[in-house]
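A short write-up of the structure that comes next.
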Amino acid sequence: MRLDHPIFQGPLPVELELAEIETPAHYRDWPGGAGLPARLPVWRVQAADLSPIVSRGTIADPYGFEDSPDAEWISSGINSKSYRSLALGRHGNFFYWGFSADPAHMTASGRTVFLNVLVYMRGFQGARPLVRREARSREWAGIYVSYVRRAQQGEGVADSSQLGALRKYFPDAVLSRLGVEAAPLAEYYQQNLEYLQPAERGFGFVADPDLAALQVSNRRPELLERLATLLEERGPDDAVVLRLFRQYLPAEAPRSAAGYAAWLERNRARLFFSDVGGFRWFLAPP
């Protein structure tokens with residue numbers, strides 16, 4: 001929980017009633033969970049156990065949530081998924097309030113923070129989200145591998161029903177070489193993390209062979225600079241240059257060496273990469 005976030009600071013003063021709970025065991029199965037302490041600080045938002053009359057609320061996928069500059073992860077909530085799963089957050093002019101109780105069933109601090117959220121969001125009127133969700137973050141590659149690892153615990157080999165269920169998380173091009181085996185899959189995705197792109201069909205990720213050959217990440221500014229060099233060296237009609245431009249850059253990026261260099265110089269500070277937006281670079285508004 002980001003206690004320094006504006007919704008906890010005002011305009012109404014907030015007195016958070018913090019307590020501690022035992023860290024849910026399943027949190028340790030998710031990325032970063034192994035290092036969690038034995039107990040976690042929590043803030044009670046709803047006044048009591050309202051399960052007979054109020055649903056449990058909802059959470060959002062936290063992986064890649066903040067890979068656009070108009071998104072903020074603020075807090076998780078106790079849930080059946082990851083300790084990072086989002087219960088409070090903002091994307092553009094949308095605020096995600098995952099707790100389900102209406103104000104009458106909130107704690108005093110819950111109501112206060114809810115009112116602060118309304119005030120906070122007035123500052124984002126008309127600020128439509130910069131990207132739409134098109135894909136899962138590459139962090140899910142490691143999570144899919146962890147499914148295989150857990151299935152193989154004990155005998156060391158998953159049974160046939162588990163294998164069939166797990167295959168959907170990996171593209172055929174990867175399975176044909178590595179099989180449904182945790183160790184080689186983990187090595188593949190660790191080595192190719194910066195080159196990943198979504199599989200053409202279904203779930204899963206596969207390394208972009210052109211990026212792997214160039215040894216340049218698709219999500220780091222080095223790609224933008226490398227494309228400038230490739231334009232000069234190979235020209236705009238080179239097959240690799242054309243594909244990388246079409247797949248990763250905004251449509252307005254010029255494909256002449258001089259035009260692209262000038263465009264990049266003007267817009268470098270506004271460019272950002274989003275996995276969830278489709279594994280592409282986007283141009284933020286001025």
Exercise. Tell me the label-point distance for the pair N93, H26, using the 7 Å Cα-to-Cβ offset, in nm and rounded to one decimal.
Key: 3.7
Quiz item: Top mean-square fluctuation among G57, G98, G164, Gaussian network model of the chain, C-alpha springs under 10 Å?
Solution: G164
Quiz prompt | Extended-chain gain in nm, criterion 0.36 nm per residue less alpha-carbon gap, Q125 and R150 | solution = 4.5 nm
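Are there trypsin sites (Lys or Arg not before Pro) in the stretch 174-270 that DSSP puts in a loop and that have at most 12 other Cβ atoms within 10 Å, and which ones?
Sites meeting the loop and neighbour criteria: R201.
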Quiz prompt | Projected label distance in nm at R246 and A108, using a 7 Å step from Cα toward the beta-carbon | solution = 6.3
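No lab work stands behind these numbers, since they all come straight from the coordinates. Only a predicted model underlies this, so the values are computations on that prediction, with no experimental measurement involved. Glycine also receives a Cβ, built like all others from the backbone with ideal geometry; neighbour counts cover every protein chain displayed.
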